[in-house]
Structure formats: C-alpha cells, structure tokens
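Asks: Mind looking over this structure? Questions follow.
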Amino acid sequence: MTALTLMSVAIFACSSDVKVTVPVNEVLPSSPPVAPLAHWTAAVGRDVESLQVPGAVLRGWTFYLGKHDTRRPHVLFFNGNAMEIDTAQSVYHQLAIQGPEVTAFDYRGYGFSEGKADVMQFRKDALAIYDKEAAAGPVIVYGFSLGTAMATYVASQRKIAGLILAGTIARADEEFPVFARATGLSASSIARMTPSSDAETAFDEVGMIARSNAPLLMIHGENDSLVPIQQGREVFAACPAKQKQFVSVPGAGHNEAVDSEQGLEAFRKFVSVDSFSAKDKSVVRTPRT
C-alpha cells in the first residue's frame, strides 16, 4: 500500500463523511520493482523457470545446493509486495541451505515477469505456478507478507504437502488501517476507509486457512508493526490442521522473521526429510530433464 495512492484516498475521505472504498490493488507499490531481463540466467545452484499465463509471462528461479536430488522437499515461495527475485536471492539461498529446493517467481508486472500487476490475477497465477511445480511431485508452499495471501489461497484450493506463513495477514479490514497508519494518514481519514469486496476476498486468510488441513508452520516477529503478531495468531487459531506450530521471534520486525535464527531453524525442521519422508514414493519428485 503506497503513501501516494493512499493519500489520494485520504484527501477524498477528508472532504466527505461518506465511506471510501479502498481497491485491492492499493496494497501494491505505485511502481512495482522491476529487474533487467538480462539478469534472468541460470547459474551454479540456480535454474531458470518460466510459465505462460493469460496476459503475462511469469519468470522465476529454483535454488538448490549441489546437484538436484528428487528426495529433497520442494518449497514454492511467494514474495512480499516490495520484493522481486533478483534482489531477494539471499532469502532463497538461506532457505535452500536448510536442505530443500526453493522456487520463487516474480509476480506479473514485477521483476522479470511481464504483464500488469494485479492482486486478483496474482491469485490465479499462484495456482498455475503451483500446478506446474506440483506436476513433478509434492510441494510445500511458503508465503511472506502479501505472499501469505497467495499461499493460503493455494492451500485452500489444492492438497499441498505443507504450508509455511511468515508475517501473516488475517483480514483486509484488520490490516488496511494498520498499513494506512504506517504511511502517516490521520485517524479520521482511516475511519472513513473500507476495503473493497475484492480486498476482503483476497486477504481473508482466516477464512482460507480453515479449508486447509496441510501441516502448518507460522513464523511472526514479535515487534512486527506492519502486520501485528495478533493477526498471525488469529490465522493459526482458525487452522484445523492437526500438525501446526507457531514460532514467535523475539525482537523481530516484519522483514526480519523469515531469515532470523529461530525462523530458519523452524523452517529446517519443518521441511526435513524426516518430516516429509522420501521413503514414501509419493514424496519423491520426478527428475528434471
């Protein structure tokens, strides 16, 4: 959610007692981060991924240590709203060091991907990406911040191997005011704002998680001021999964929980081969060609 676009909403709100509907795409930067396509190359421990979807070409990378190993768990990572894969490589490397192979795509209109950025299209793209990756075998889905909405949506629509959420949003009507305050908008302006129906649908993670029984790991910084930890606890409470864990990271803010020591250790244990046993042929992925 950008100060520029929210300020326009606030100006209107201040001039009227009427509620102002905030569109779902207000959560996106006015100019999403992009990356030179020339940087989208394979390298040691990094393969290129691409997917044609209606209205866009999505591009990503898969990160791994050493050689591909079909016995490794496979993690599909959905980014936060200010991330693109070229400048976020250290995040995926840190996760891959813990053992799994990690795939991340740029959202449409971000980074290396083509198309126009749009949250509701992100959801459709997330399913398409998941289906592509799941065709080779089981996939653990990981979402951070905005990406938690994509991850929980996939979990509500598909039988995934596992779900990891960090900096989790509960509902639009809880998060929009928090983010608006962070941009400096007045309490009177915020009080007149209401999320659009698309925004309520896209960020109803409490509702979406209730439709998933996948093993769940949630990581949240105790000092997260952008998405307060209480929102994460609401989502955790709504999840019916028998196997679930909530890790609160002392002293961590919104952008610090994923690669914190506690977050990485919890991630490593969650995605371990012992947890997703390769002795069961159902978890062994199809070799890459």
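The values are calculated or read from the model by the stated rules, or taken from the named source; none is laboratory data. Computed from a predicted model, the values in this text were never measured in an experiment. When we count neighbours, we look across all protein chains shown, and the Cβ atoms used for this are built from the backbone with ideal geometry, even at glycine.
Asks: When residues of segment 148-173 are filtered for being of a type outside the set (D, E, K, R) and part of a helix (DSSP H, G or I), how many remain?
Replies: The number of residues fulfilling the criteria is 11.
Asks: Give me the pairs, please: first residue somewhere in segment 189-203 and over 20 Å from residue 124 (Cα atoms), second residue anywhere and charged (D, E, K, R) and not in a helix (DSSP H, G or I), beta-carbon distance under 8 Å, and either six or more positions apart or on two chains.
Replies: Listed pairs, sorted by first residue: 192/17; 192/19; 193/19; 194/19.
Asks: Could you grab me the full set of residues in segment 73-101 that are over 12 Å from residue 34 (Cα atoms), touching a strand residue (DSSP E or B) at 6+ places or on another chain (Cβ under 6 Å) and either assigned to a strand (DSSP E or B) or among the hydrophobic types (A, V, I, L, M, F, W, C) (or both)?
Replies: Across segment 73-101, the qualifying residues are 74, 75, 76, 77, 78, 95, 96, 101.
Asks: Cβ-Cβ below 9 Å, separation at least six or inter-chain, first residue in segment 229-246 and at pLDDT 95 or above and assigned to a loop (DSSP other than H, G, I, E, B), second surrounded by fewer than 17 Cβ atoms within 10 Å (Cβ to Cβ) and charged (D, E, K, R): which pairs?
Replies: Note: pairs meeting the criteria are 240/211.
Asks: Same structure again: Out of curiosity, is residue 8 part of a loop (DSSP other than H, G, I, E, B), surrounded by fewer than 18 Cβ atoms within 10 Å (Cβ to Cβ), modelled with pLDDT under 95 and of a type in the set (S, T, N, Q)? Spell out the reasoning first.
Replies: Details: part of a loop (DSSP other than H, G, I, E, B): no; surrounded by fewer than 18 Cβ atoms within 10 Å (Cβ to Cβ): yes; modelled with pLDDT under 95: yes; of a type in the set (S, T, N, Q): yes.
When the stated conditions are applied, residue 8 does not pass them.
Asks: May I ask you to list the residues in segment 250-265 that are in a helix (DSSP H, G or I) and surrounded by fewer than 22 Cβ atoms within 10 Å (Cβ to Cβ)?
Replies: 261, 262, 264, 265
Asks: Could you grab me the full set of residues in segment 206-228 that are among the charged types (D, E, K, R) and either closer than 16 Å to residue 80 by Cα or touching a residue at least 60 places away in the same chain (Cβ under 8 Å) (or both)?
Replies: 224
Asks: How many residues are β-branched (Val, Ile, Thr), surrounded by fewer than 24 Cβ atoms within 10 Å (Cβ to Cβ) and within 11 Å of residue 235 (Cβ to Cβ) when one looks only at segment 143-177?
Replies: Number satisfying all stated conditions: 0.
Asks: Continuing with the same structure: Given the condition among the polar types (S, T, N, Q) and closer than 17 Å to residue 258 by Cβ, answer yes or no: does some residue in segment 147-160 qualify?
Replies: Checking segment 147-160: at least one residue is among the polar types (S, T, N, Q) and closer than 17 Å to residue 258 by Cβ.
Asks: Could you check segment 82-119 and list, in sequence order, the residues that are at pLDDT 95 or above, closer than 18 Å to residue 167 by Cα and either among the hydrophobic types (A, V, I, L, M, F, W, C) or in contact with a Pro (Cβ under 7 Å, 6 or more places away or on another chain) (or both)?
Replies: Once the filter is applied, which keeps residues that are at pLDDT 95 or above, closer than 18 Å to residue 167 by Cα and either among the hydrophobic types (A, V, I, L, M, F, W, C) or in contact with a Pro (Cβ under 7 Å, 6 or more places away or on another chain) (or both), segment 82-119 yields 83, 84, 88, 91, 95, 104, 119.
Asks: One residue is enough: does segment 190-208 have a residue meeting the conditions assigned to a helix (DSSP H, G or I), buried (at least 18 other Cβ atoms within 10 Å of the Cβ) and modelled with pLDDT under 95?
Replies: There is at least one residue in segment 190-208 that is assigned to a helix (DSSP H, G or I), buried (at least 18 other Cβ atoms within 10 Å of the Cβ) and modelled with pLDDT under 95.
Asks: Being over 23 Å from residue 171 (Cα atoms) and polar (S, T, N, Q) is the requirement here; does residue 113 meet it?
Replies: So residue 113 passes the test.
Asks: While we're on this one: So in segment 107-129, with the set limited to residues that are touching a strand residue (DSSP E or B) at 6+ places or on another chain (Cβ under 6 Å) and part of a helix (DSSP H, G or I), which one is nearest to residue 76 (Cα to Cα)?
Replies: This residue is 129.
Asks: Taking residue 196 as the residue in question, decide whether it is polar (S, T, N, Q) and out of contact with any Ser or Thr (no Cβ under 8 Å at 6 or more places or on another chain).
Replies: Numbers: polar (S, T, N, Q): yes; out of contact with any Ser or Thr (no Cβ under 8 Å at 6 or more places or on another chain): no.
For residue 196, the condition - polar (S, T, N, Q) and out of contact with any Ser or Thr (no Cβ under 8 Å at 6 or more places or on another chain) - is not met.
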